[in-house]
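Have a look at the structure below, then the notes.
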Amino acid sequence: MSTNSNSLQNYPTPLSPPLPSISKDLELARAMTASSKSSLFELSRSDILYEDEWLIAVNKPQGIYCESVLASVPRILADSTQSDPLSEGNQANPFELHLANRLDRDTSGVMVITKSHKVASALVKAFTNHKVQKTYVAFCIGSVPQSERITIKSGHGRSKFGAWRVYAAGDVGRKLPGGSIVRDMETTFEVLSINGKRRYGEPSESMKDEENIIIVEEKAVIDVDANKDEILVRAFPRSGRTHQIRLHCQYLGIPIRGDVKYEGVYEWKGRTYDGHELHAESLSFQHPITGLPIMIQAPLPFWAVQVLQPLTD
C-alpha cells in the first residue's frame, strides 16, 4: 500500500451526509437568480436597524449577497450627509466600509457594517473571540426533538470533495484533506413551536438544567419514514463556523425548510421554496468604541411571524 493511501486512511470521517444530488442544479439556479437580484439591489432607510458614527446595521433580505448590501451602503450614507451640510462626513468617500459579519445568500437578518478600519479590526476580534452573542430563528421540517432545549457539540470541516460536513467532537484538531483541520462547533437550540402550536412553556433559568447535551461521535440515525413535523427553533451558535446552524439542524434530523444543500425539503404542502428559511434575529456585543452594551434585533420574516403571532394572541 502506498504512503498516500496510508495518509488518506488517517483522515477523519465526516458524520453528516454528502450533498444530495438534487442540490447541484437547484443551487446553481438559485445562485443565478440571486446574482440578478443582487445586481439591482438598493438599501432603503427602512432596512437600517441601527446607526452611529462608527457602525451601521441593516436587515439583509433573503436571496441577496452580502457584497451587494455592502455596495449599496455608500448611497444611504451619502443621502444622510447631504441632508446635514455641517456633517464632518459630508465629503467624497469619507468611510472605510467593512463587513463585520457575513450571512449566507439565503439567510436574512442582522448584518453589521463598520465605517473605519479601526472599528472593523476591533469588531472582527470580538467575533473571533466569541464575544458576540447571536440568535437565529429557523423553520425546520423533521421529527420532533426529544427535548425542548438541545446543545450539540461537534467538529466542523471540509471533506475531500470540498463540502462542509459535521465531524466527531473527538476529531477536533485533526488534519483534513487540503491541509485544514477539524474545528470545534457548538450550537444550542430551543424549540419554539411544533406544527404551529407552542409545545413548551416560556424559556426559564431552569431550562439549562433540563437541556439535552449531544456530543457528536458517530453518524446520526435518522428514521426517514417517520412523520415530518413543522418545527420552529431558535438557535444560539457559540462558535461561528460556515453553515453551522444548517449543518447541526441536518444532523439532528430537522433540516431547514428549503435548504436543499443539507437535506431540507424543496417542496412542502404544494409550495416550492427558493431558499432556506433561516433568519439572523439578533446580535449583542460591547460597542468597540464606547464600550457600552448594544443589542441589534431584526424584525422576524413573514414565515416566522405566521407561526409566532397566533401563539402570543
Residue count, region 272-313 (criterion: part of a strand (DSSP E or B) and open to solvent by 80 Å² or more (accessible area, probe 1.4 Å))
4
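Out of 280, 220, 226, I need the residue that is modelled with pLDDT of 95 or more, out of contact with any Asp or Glu (no Cβ under 8 Å at 6 or more places or on another chain) and closer than 30 Å to residue 24 by Cβ. Which one? Spell out how you get there, then give the answer.
Values: 220 fails: modelled with pLDDT of 95 or more; 226 fails: modelled with pLDDT of 95 or more.
The conditions single out 280.
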Every listed condition ((1) open to solvent by 30 Å² or more (accessible area, probe 1.4 Å); (2) part of a strand (DSSP E or B); (3) over 17 Å from residue 111 (Cα atoms); (4) not small (Gly, Ala, Ser)) holds for residue 218 save (2)
Those residues that are of a type outside the set (Phe, Trp, Tyr), open to solvent by less than 70 Å² (accessible area, probe 1.4 Å) and in a loop (DSSP other than H, G, I, E, B), I need them from region 36-48; list them, please.
43, 44
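Go through region 168-190 and report how many residues are more than 29 Å from residue 148 (Cα to Cα) and open to solvent by less than 20 Å² (accessible area, probe 1.4 Å). First the steps, then the outcome.
Just the residues of region 168-190 that are more than 29 Å from residue 148 (Cα to Cα), to begin with: 173-181.
When the remaining residues are screened for being open to solvent by less than 20 Å² (accessible area, probe 1.4 Å), the result is 176.
Number satisfying all stated conditions: 1.
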When both residues are 6+ apart or on different chains and their Cβ atoms are under 7 Å apart, which pairs have a first residue that lies in region 114-127 and is open to solvent by less than 20 Å² (accessible area, probe 1.4 Å), and a second that is among the acidic types (Asp, Glu) and assigned to a helix (DSSP H, G or I)?
none
Just name the residue that is farthest from residue 278 (Cα to Cα) out of those in region 49-73 that are part of a strand (DSSP E or B) and open to solvent by less than 30 Å² (accessible area, probe 1.4 Å).
55
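Determine whether region 164-175 contains at least one residue that is of a type outside the set (D, E, K, R) and modelled with pLDDT under 95. Step through it out loud before you land on a result.
So the first thing to find is which residues in region 164-175 are of a type outside the set (D, E, K, R), and the list is 164, 166-170, 172-173.
Among the residues that remain, those that are also modelled with pLDDT under 95 are: none.
Taking every residue of region 164-175 in turn, none turns out to be of a type outside the set (D, E, K, R) and modelled with pLDDT under 95.
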Considering each of 21, 68, 36, 46 in turn, give the residue that is touching a residue at least 12 places away in the same chain (Cβ under 8 Å) and among the hydroxyl-bearing types (Ser, Thr, Tyr).
68
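The values are calculated or read from the model by the stated rules, or taken from the named source; none is laboratory data. Everything numeric here is computed off the predicted structure, so don't read it as measured data. We place every Cβ from the backbone using ideal geometry, glycine too, and count neighbours over all the protein chains shown. Remember, those area values only see protein heavy atoms, side chains included, never the ligands or the DNA or RNA. Shrake-Rupley method; radii C 1.70, N 1.55, O 1.52, S 1.80 Å.
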